Amino acid sequence: MESTVKSPVLLYTEQTPNPESLKFVTNRMLYPNQTADFRETDQELASEWSALAAELFEMPFVKGVYICNNFVTITKEINYDWADVMLRIKSFLKAYVEEGKEIVKEGFEAVKADMEKENTAQYEGDDAEIVTKIIDLINTYVKPAVEMDGGNIEFKAYNAGIVTVELQGACSGCPSSTVTLQSGIEGMLKRMVPEVKQVVSEMG
């Protein structure tokens with residue numbers, strides 16, 4: 001058998017708008033065209049679906065793990081300094097990816113889709129139509145831009161003109177994302193879906 005020599009795993013960090021979140025970018029696809037977001041409160045979900053996230057949560061300073069395409073966004077506990085923990089995360093991720101270990105189990109997308117279905121099944125008639133439009137606009141226009149910053153946005157609820165969204169990854173707990181939300185997303189949704197009066201955010 002011929003042994004193929006794999007190119008070395010390269011890893012670098014990128015700042016995000018949230019000072020507590022850092023984007024760790026690799027030259028390998030980790031989770032192509034999908035997103036997986038785990039927080040401290042989701043550790044059971046992480047241990048079931050992502051060994052990478054579960055192992056990262058064993059580090060005392062890791063508060064959130066967001067995996068998408070070729071990067072992992074880590075959100076740290078506020079009382080730790082990036083200067084003290086960044087190299088440890090980098091060497092862990094490099095070794096993990098080099099060993100070719102599983103990032104996210106197959107089937108996680110279906111679990112997420114079921115969760116989303118439960119979320120939207122409660123709407124009927126006109127509201128159901130409005131919610132479908134809102135989700136479509138968020139997925140098409142907002143998510144790609146937010147992903148560039150190492151974050152994500154998910155639709156949570158719609159009630160009497162008020163849209164609730166959840167901010168994940170680098171956007172969670174980020175002061176600038178609240179401002180972006182109010183101006184950018186709210187403006188677009190109001191234009192495209194006249195029934196929308198306001199956008200509020202929950203921090204993931």
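Total residues in segment 18-49 satisfying the condition of being within 14 Å of the chain's Cα centre (by Cα) and assigned to a loop (DSSP other than H, G, I, E, B): the figure is 2.
Among K105, K94, K63, which is the only one that is of a type outside the set (G, A, S), touching a helix residue (DSSP H, G or I) at 6+ places or on another chain (Cβ under 7 Å) and under 15 Å from K23 (Cα atoms)? Before you say what the answer is, go through the steps one by one.
Values: K105 fails: under 15 Å from K23 (Cα atoms); K94 fails: touching a helix residue (DSSP H, G or I) at 6+ places or on another chain (Cβ under 7 Å).
So the residue among K105, K94, K63 that is of a type outside the set (G, A, S), touching a helix residue (DSSP H, G or I) at 6+ places or on another chain (Cβ under 7 Å) and under 15 Å from K23 (Cα atoms) is K63.
Yes or no: E55 in contact (Cβ under 8 Å) with a residue 40 or more places away in the chain, in a helix (DSSP H, G or I) and out of contact with any strand residue (DSSP E or B) (no Cβ under 7 Å at 6 or more places or on another chain)?
Judged against the criteria, E55 is a match.
Does K76 satisfy the condition of being closer than 27 Å to K143 by Cα, among the basic types (K, R) and not assigned by TED's automatic domain parsing to the domain that holds E44? Spelling it out, it is not the case that K76 is closer than 27 Å to K143 by Cα, among the basic types (K, R) and not assigned by TED's automatic domain parsing to the domain that holds E44.
For segment 120-143, a residue qualifies if it is within 17 Å of A160 (Cβ to Cβ) and under 19 Å from the mean Cα position of the chain (by Cα), and exactly one does: I134.
Going by what's in this entry, would M86 be described as part of a loop (DSSP other than H, G, I, E, B), out of contact with any helix residue (DSSP H, G or I) (no Cβ under 6 Å at 6 or more places or on another chain) and modelled with pLDDT of 95 or more? Judged against the criteria, M86 is not a match.
Per-residue answers, yes or no, for (1) farther than 12 Å from G150 by Cα; (2) exposed (fewer than 15 other Cβ atoms within 10 Å of the Cβ):
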position: P17; (1), (2): no, no
position: N27; (1), (2): yes, yes
position: D37; (1), (2): no, no
position: W49; (1), (2): yes, no
position: F57; (1), (2): yes, no
position: V62; (1), (2): yes, no
position: K76; (1), (2): yes, no
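Pick out, from segment 104-165, the helices (runs of 4 or more DSSP H) lying fully within it that include 3 or more residues that are over 18 Å from T35 (Cα atoms), out of contact with any Pro (no Cβ under 7 Å at 6 or more places or on another chain) and touching a residue at least 12 places away in the same chain (Cβ under 8 Å).
Values: elements: 108-120, 125-137, 143-148.
Output list reads 125-137.
Check whether at least one residue in segment 37-51 is of a type in the set (A, V, I, L, M), over 23 Å from E14 (Cβ atoms) and in contact with a Ser or Thr (Cβ under 6 Å, 6 or more places away or on another chain), and report yes or no. No, the conditions are met nowhere in segment 37-51.
The values are calculated or read from the model by the stated rules, or taken from the named source; none is laboratory data. Here the structure is a predicted model, which is why all the values come from computation and not from measurement. Cβ: placed from backbone, ideal geometry, glycine included. Neighbour counts: every protein chain shown.
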